[in-house]
Amino acid sequence: MAPESIEEPQSKIVYTKIEPEFVSQQFGDQFSFDVNNDNKDDFTIRSYYTGSAGYYDMEIIGTNESGSLSIASWWPYAIPLNVEQEISKLTYGQAVYQGWDYSGVASFLIEQCPEGEECSQIWNGKYLGLRLMVDGDIHYGWLQLDILSAKDWTVKDFAYNATPDMPINTGQKD
């Protein structure tokens, strides 16, 4: 008898190029986007002013159990990812996610970055890891953006793996 072969699920990457790219025009702008093309926005990026702390910031907000994956271990601050970093469910303490499963709201710490912490004041061609809930299944994706300040930011493109629980690399388009 021949051993049975176990077939791994094939990944299907769904890529979206934003044309024209979304470029913020002023402080307070926001951009909502639908990663899986079901005509429902999955995420919103917005800039805001934290009056109590006295600084300008940005955040990404997920809906329906969707959220950011590339976040700091000490607070849900977005961590910029480089091209070809794998986005998937990792165990506690492994790179990128550092213990967080995901966060429905994550801040881009633009004007303040605690000394020695891995956060970025400027994102240039960087990626954000995404966790997306589709029909009760978890999918992984990425968003590419440039951030110069809370007033000057650009959303370029995004993608997700349409095969549940399968990884995707930042920048992967097929």
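Near Gly136, once Lys and Arg are set to +1 and Asp and Glu to -1 for all other residues with Cβ below 13 Å from its Cβ, the sum equals -4. Can you tell me the FRET efficiency between Asp34 and Ser73 if r is taken as the Cβ-Cβ distance and R0 is 25 Å, rounded to the nearest 0.05? FRET efficiency, Asp34 to Ser73: 0.25.
Placing Val14, Val35 in order of accessible area, with the largest value first and a 1.4 Å probe, yields Val14, Val35.
In terms of accessible area, using a 1.4 Å probe and ignoring ligands and nucleic acids, Met58, Met166 rank largest first as Met166, Met58. Applying the Karplus relation 6.51 cos²θ - 1.76 cosθ + 1.60 with θ = phi - 60° to the range 158-166 yields 3J(HN,Hα) values of 7, 7, 8, 8, 6, 8, x, 6, 9 Hz, where x marks Gly and Pro. At the residue level, Trp75 shows approximately 140 square angstrom of accessible surface with a 1.4 angstrom probe and all protein chains present.
Once the Cβ-Cβ distance between Thr63 and Leu148 is put in as r, and R0 is 25 Å, what FRET efficiency do you end up with, to the nearest 0.05? Efficiency, from the Cβ-Cβ distance: 0.40. Here Thr44 and Asp165 are evaluated by their C-beta separation; at R0 = 25 Å the FRET efficiency comes out at 0.50. On a full-extension model of 0.36 nm per residue, what is the gain between Ser11 and Asp135, subtracting their alpha-carbon distance, rounded to one decimal in nm? Here the segment from Ser11 to Asp135 would lengthen by 42.9 nm.
The values are calculated or read from the model by the stated rules, or taken from the named source; none is laboratory data. Computed from a predicted structure; not experimentally measured. Note that each Cβ is placed from the backbone with ideal geometry, even for glycine, and that neighbours are counted across all protein chains shown. With ligands, DNA and RNA removed, areas are computed over all heavy atoms of the protein, side chains included. Shrake-Rupley method; radii C 1.70, N 1.55, O 1.52, S 1.80 Å.
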